[in-house]
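Report on one structure; see the data block that follows.
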Amino acid sequence: MYKAKILLADDEERMRRLVRDFLEAENYYVYEASDGEMAFNEFCSHTDIDLAILDVMMPKFNGFEVCQEIRSRSNIPIIMLTARSQESDEITGFQMGADEYVAKPFRPKALVARVDALLRRTRTDSSSKLEAGGIMIDKDAHTVYVDNVEVYMSLKEYELLLYMIENKGITLSREKILDNVWNYDYYGDARTIDTHVTKLRKKLGPLGDLLQTVRGVGYKFEVTK
């Protein structure tokens, strides 16, 4: 039976041990790191990592910096852990490419449930390709191509783009997008969508204009040509 590989980075040994024990109990294999530099080195050393859990406040490199470096090389799901509750930290995490944001203290079982959900969503896309306006999504490989060039995206960026393309021409409210992309377990607000749309537009380059803002409502993916 395949054991999914988790990168767990936190400078608190007690926290790492606690989370590691819960993950291993659910048949995950855990690579540990006690600082940001070690976390990035572990990621580069192991090409089989399926998901990363990164504490924000770590020595050498903080979690945001590690997240950004990982995201520039991979689209694996990334969960950020933080002792802070400021909204600006959450937005920063999403801007760096994080998929989930968990505030300390948290219940380890709840964290493991998020890991389960993120990995499940990366494996359950149907085996097909979807094309629209110069964008191609390979659901089987979980990759996005813009004018035949692969573009790295976080899981949430990928899911948001997929959802909008699958509903092209339809105006989607922020609330509907939250329900369908972030699901019931998300505790943030609709401004998170604006942050992700801004990032998507930047990554899509000239094709970012296909993500149209519908003032006062939400967004729409529209191919005009």
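At-a-glance table
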read-out	value
Qualifying residue in region 146-165 (condition: in a helix (DSSP H, G or I), modelled with pLDDT under 90, open to solvent by 10 Å² or more (accessible area, probe 1.4 Å) and of a type in the set (S, T, N, Q))	no
Test: residue in region 50-68 that is at pLDDT 90 or above, among the charged types (D, E, K, R) and more than 25 Å from Lys203 (Cβ to Cβ)	yes
Spans of helices (runs of 4 or more DSSP H) in region 1-84 with at least 2 residues closer than 24 Å to Arg107 by Cα and open to solvent by 10 Å² or more (accessible area, probe 1.4 Å)	13-25
Pairs where the first residue, in region 170-182, is more than 19 Å from Leu155 (Cα to Cα) and the second is surrounded by 15 or more Cβ atoms within 10 Å (Cβ to Cβ) and not aromatic (Phe, Trp, Tyr), C-beta under 6 Å, 6+ apart	Thr171/Lys220; Leu172/Gly218; Ser173/Gly218
Some residue of region 176-195 being more than 23 Å from Met80 (Cα to Cα) and modelled with pLDDT of 85 or more	yes
In region 40-59, the residues that are more than 11 Å from Ile6 (Cα to Cα), in contact with a Phe, Trp or Tyr (Cβ under 9 Å, 6 or more places away or on another chain) and touching a residue at least 24 places away in the same chain (Cβ under 8 Å)	Phe40, Val56
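The values are calculated or read from the model by the stated rules, or taken from the named source; none is laboratory data. In this text the structure is predicted, and so the values were computed from the model without any measurement. Cβ sites come from the backbone with ideal geometry, for glycine too, and all protein chains shown count toward neighbours. Side chains included, ligands, DNA and RNA excluded: accessible areas come from the protein's heavy atoms. Shrake-Rupley method; radii C 1.70, N 1.55, O 1.52, S 1.80 Å.
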